[in-house]
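The values are calculated or read from the model by the stated rules, or taken from the named source; none is laboratory data. The structure displayed is predicted, hence computed values, not measured ones. Counting neighbours? That spans all protein chains shown, and the Cβs are built from the backbone with ideal geometry, glycine included. Calculation scope for accessible area: heavy atoms of the full protein, side chains included, ligands and nucleic acids excluded. Shrake-Rupley method; radii C 1.70, N 1.55, O 1.52, S 1.80 Å.
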Amino acid sequence: MRKQIAAANWKMNLTYQQGEKLLDEILEEKIELAPHQQAIFAVPFPYLIMANSEVAEENNYFIAAQNCSDKKSGAYTGEVSAEMLQSIGIKYCIIGHSERREYYFETTKTLAEKVNVCFENNITPIFCCGEQLRIREENNQAIYVQQQLEESLFHLSTEQIQTIIIAYEPIWAIGTGRTATTEQAQEMHLHLRSVLATKYGQEIADEIPILYGGSVKGNNAAELFNCTDVDGGLVGGASLVAKDFVQIIKSLK
Ligand code: PGA
């Protein structure tokens with residue numbers, strides 16, 4: 001059975017104390033996750049260790065990084081390497097979030113490097129793709145996201161690709177309160193799966209979790225996650241509110 005994942009992306013929000021409280025409130029709910037279900041929390045770098053020890057005891061709950069360097073090590077002031085993340089037990093890292101692509105000029109080539117350093121360090125990339133509003137209005141979203149996958153992922157081996165997590169996040173839906181319709185989400189997720197199938201075969205593509213991101217809330221998660229090819233969500237704003245994120249985790253199929 002394909003993994004179903006509720007992934008929180010805290011972005012650059014919450015103090016350490018606020019983050020700790022939020023995580024406590026969510027864990028206190030003791031939501032029982034089935035073996036194929038996971039809850040992942042992508043927290044700011046300085047919180048990775050603290051959160052890891054808290055979450056370590058809970059089954060199927062994981063802490064993730066929001067980014068890592070494309071370089072292995074060396075004179076890159078301010079950067080954090082995948083090897084460093086691995087050395088404190090981190091197993092997941094968001095790669096290629098649209099905010100990184102847009103504000104920090106990350107290119108598909110840089111992202112291919114980031115994906116590589118993750119795999120070299122046994123870290124699963126949560127690889128984000130998604131189109132701008134202009135591209136959606138021109139109806140070019142299918143080819144656009146296909147190219148994002150091709151340019152950053154298609155050099156990967158079958159063993160590597162079958163452990164990846166993909167997140168489709170239409171940029172026009174991120175933080176805007178405007179969610180993709182279930183039809184739009186399902187159509188794109190099916191497309192992404194067929195793109196993966198063309199390169200790696202249907203059997204492999206059928207096992208890759210594809211999360212939806214963009215204004216997922218407590219009250220729309222179940223509807224989105226119920227789409228055949230939507231395997232959970234990558235959640236920004238609503239992941240900062242315990243009640244909302246609890247409802248989102250409970251909406252996993
Ligand atoms: P949002 O963000 O849920 O606030 O729209 C999603 C994301 O950027 O991952």
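What number comes out for the charge environment of Ser81, summing +1 per Lys or Arg and -1 per Asp or Glu over other residues with Cβ under 12 Å away?
Net charge in that neighbourhood comes out at -2.
What is the mean projected area of the alpha carbon convex hull for the chain, to one decimal in square nanometres? Could you put the intermediate results ahead of the total?
Numbers: hull surface 49.6 nm².
The orientation-averaged projected area of the Cα hull of the chain comes to 12.4 nm².
Given H placed on each backbone N at 1.01 Å, which residues far from Lys3 in sequence or on other chains put an amide H within less than 5 Å of it?
none
Where the centre of each part is set by its Cα atoms, how far does region 12-69 sit from region 204-219, in angstrom?
18
Regarding region 151-219, what are the three Cα extents along the principal axes, ordered largest first, in Å?
Projected onto its principal axes, the Cα set of region 151-219 covers 37, 21, 20 Å.
What Kirkwood hydrodynamic radius, in Å, does region 22-84 give when the mean of 1/r is taken over all pairs of distinct Cα atoms and then inverted?
Working: mean 1/r = 0.0752 Å⁻¹.
After inverting the mean inverse Cα-Cα distance, the result is 13.3 Å.
If amide hydrogens are placed 1.01 Å from N in the peptide plane, which non-local residues have theirs closer than 5 Å to the one on Cys93?
Ala65, Thr124, Ile126
Along the charge dipole of region 157-208, pointing to its positive end and built from +1/-1 on Cβ of Lys, Arg, Asp and Glu, which listed residue (Gln186, Trp172, Ala197) has its Cα farthest out?
Checked the options; the winner is Trp172.
Find the accessible area per residue for the chain; the probe is 1.4 Å, ligands and nucleic acids are left out, and the unit is Å².
Details: 11550 Å² over 253 residues.
With all protein chains present, the chain gives 46 Å² per residue.
Before rounding to the nearest 500, sum -39500 (n - 2.57) across all DSSP H runs of length at least 4 in the chain and divide by the residue total; then give [θ] at 222 nm in deg cm²/dmol. Spell out each step's value before the answer.
Numbers: 12 runs with 106 residues, N = 253.
That calculation yields -11500 deg cm²/dmol at 222 nm.
Show the residues, 5+ positions off or on another chain, whose built amide H is closer than 5 Å to the amide H of Ala42.
Those qualifying (amide H under 5 Å, at least 5 residues apart or on another chain) are Ala8, Asn9, Trp10, Ala64.
Please provide three numbers in whole Å: the alpha-carbon extents of region 53-149 along the principal axes, with the largest listed first.
46, 37, 21
Per residue, what volume in Å³ does the Cα convex hull of region 82-203 take up? Walk me through the numbers on the way to the answer.
Values: hull volume 14.4 nm³, N = 122.
Per residue, the Cα convex hull of region 82-203 comes to 118 Å³.
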